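Okay, so here's the structure we're looking at.
The values are calculated or read from the model by the stated rules, or taken from the named source; none is laboratory data. These figures come from a predicted structure and were not determined experimentally. Backbone-built Cβ (ideal geometry, glycine too); neighbour counts: all protein chains shown.
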Amino acid sequence: MNKEITIIGGAGHVGLAFALICTSKNIKVHIHDTNTQSIKLIKKGIMPHKEKNGPKFLKIAVKNNLLSFSSKIDELKLNKINVVCLGTPIDEFLNPQYNILTDIIKLLTKVLNKDNHLIIRSTVFPGTTRYLHQILKNHKKNINMSFFPERFVQGLALEEFNKFPHIIGSINKKSEKECRKFLNIFSKEIITMKPEEAEITKLFLNSYRYVQFSIANQFYKIADSANLDYKLINYAMKHKYNRGNIPSPGFTAGPCLFKDTMQLSAFSNNNFSLGMEAMSTNEGLVNYIVSKLLKKYNLSKKIVGILGMSFKAESDDIRNSLSYKLKKVLSLHSKKVLTTDPYVKNDKNIQSLEYVKNRSDIMIIATPHKIYKKIRTKKIIYNIWVDF
Ligand SMILES: NC(=O)c1ccc[n+]([C@@H]2O[C@H](COP(=O)([O-])OP(=O)(O)OC[C@H]3O[C@@H](n4cnc5c(N)ncnc54)[C@H](O)[C@@H]3O)[C@@H](O)[C@H]2O)c1
């Protein structure tokens, strides 16, 4: 039984969720994260972001003294198991930014020893785990290493963690045995494969979802352009017919699906044409909506309210949210744009729902937070989400 593990990036969405899954099994966790603000909150038992059951799990972890922290590399405490959960964004050329992981690996070369096992939990370009292992080997640190993708819906990690088998791709049999032994604490069902296979599995899963959402968005645009009622069509496709189980049209955004589809495109030497089509359909939905409103209204005389700024319903995460693209495009055409969101805390321009409702001429439901179902108004509400 591992008495303590280390999580690098442990104050982030994936890192903290995994930390709390571990503390719920009575495993101590050393959180290393450069975000001192988030660490301050976690120490007080306050979640820095929304996660279902997070406050409950965190309270117990803090009460039982199961967490320790560092924010500077010279304070980092390594353990046998060390999990890396850093962000892996893409750059302006839609290619993965390697430097975040390579920088931390280079720092770690100074402190890692042969007993440490490095588990990469960030979503990475296929080949990354082996590449990082080679950097360490070049520094004479031939340590155990595995890739262990996070496959859970953001905000529901604590609930979903035990529902699915875990996937690992270890660098060699010794690493696989050790990683499996660690994960057996949580689950007996573990799928093992090569690191590259595990890495691409995660990219395939996210790209698949991204493409699925794009089909719904494309169907919506086709039907709507022909003045057909897509909500009714969607109902007819799905009702008591599970082969028609198409997601709702709507803004498809966030820190993962777009980015991972682009990572897969880069990996395929830009031959993932379906992924690129999905990107232009999903991103293009904003312009479709604005063009539609421009045809119908003189927007230069209208105040437009955007309801929902997080990238998805019931979330406080605004990373890569298309609500902000909508705001930008609308600002070019309308008298004024107002924004509201019940969960987002880190945007000083956000107003209360009442304020936006009272002042706007037109409102757009950009994020389908449940609370918007209760709105009763005679004003124009533009909503493409079905079941809403
Ligand atoms: N958010 C999700 O639901 C989700 C789901 C599956 C996979 N992923 C993947 O997991 C990875 C992490 O995503 P996330 O959403 O948790 O990102 P995040 O930004 O919420 O978390 C990353 C954390 O790393 C910290 N950090 C950055 N540089 C650091 C450094 N040099 N040393 C220590 N800490 C550092 C940040 O302060 C932050 O707290 C990404 O690769 C992402 O694609 C995310």
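Could you tell me whether K292 is touching a residue at least 60 places away in the same chain (Cβ under 8 Å) and surrounded by fewer than 17 Cβ atoms within 10 Å (Cβ to Cβ)?
yes
Go through (1) assigned by TED's automatic domain parsing to the domain that holds S122; (2) within 27 Å of F267 (Cα to Cα); (3) within 12 Å of the ligand (Cβ to nearest atom) one by one and return the number of the condition L156 breaks.
The single condition L156 does not satisfy is (2).
Of all residues in segment 127-167 being free of Cβ contacts under 8 Å to residues at least 12 places away in the same chain and polar (S, T, N, Q), which is surrounded by the most Cβ atoms within 10 Å (Cβ to Cβ)?
It comes out as Q134.
Working carefully through the options S273, S323, S268, S280, find the one that is surrounded by 19 or more Cβ atoms within 10 Å (Cβ to Cβ) and either polar (S, T, N, Q) or not assigned by TED's automatic domain parsing to the domain that holds N346 (or both).
Matching residue, one of S273, S323, S268, S280: S323.
Give the residues of segment 177-195 that are part of a helix (DSSP H, G or I) and more than 16 Å from R121 (Cβ to Cβ), sorted by residue number.
Those that are part of a helix (DSSP H, G or I) and more than 16 Å from R121 (Cβ to Cβ): K177, K181.
Can you tell me which residue within segment 168-181, out of those that are touching a Phe, Trp or Tyr at 6+ places or on another chain (Cβ under 9 Å) and either under 16 Å from I21 (Cβ atoms) or not aliphatic (A, V, I, L, M) (or both), is surrounded by the most Cβ atoms within 10 Å (Cβ to Cβ)? Please lay out each step first, then the result.
Within segment 168-181, the subset touching a Phe, Trp or Tyr at 6+ places or on another chain (Cβ under 9 Å) is 168-171, 179.
Then drop every residue that is not either under 16 Å from I21 (Cβ atoms) or not aliphatic (A, V, I, L, M) (or both), which leaves 168-170, 179.
Numbers: I168: 21, G169: 28, S170: 25, C179: 25.
Ranking the qualifying residues of segment 168-181, first place goes to G169.
Does A223 satisfy being crowded, with 17+ Cβ neighbours inside 10 Å and either under 28 Å from the mean Cα position of the chain (by Cα) or not assigned by TED's automatic domain parsing to the domain that holds V286 (or both)?
For A223, the condition - crowded, with 17+ Cβ neighbours inside 10 Å and either under 28 Å from the mean Cα position of the chain (by Cα) or not assigned by TED's automatic domain parsing to the domain that holds V286 (or both) - is not met.
Can you report the number of residues in segment 26-64 which are over 26 Å from R319 (Cβ atoms) and in contact (Cβ under 8 Å) with a residue 24 or more places away in the chain?
5
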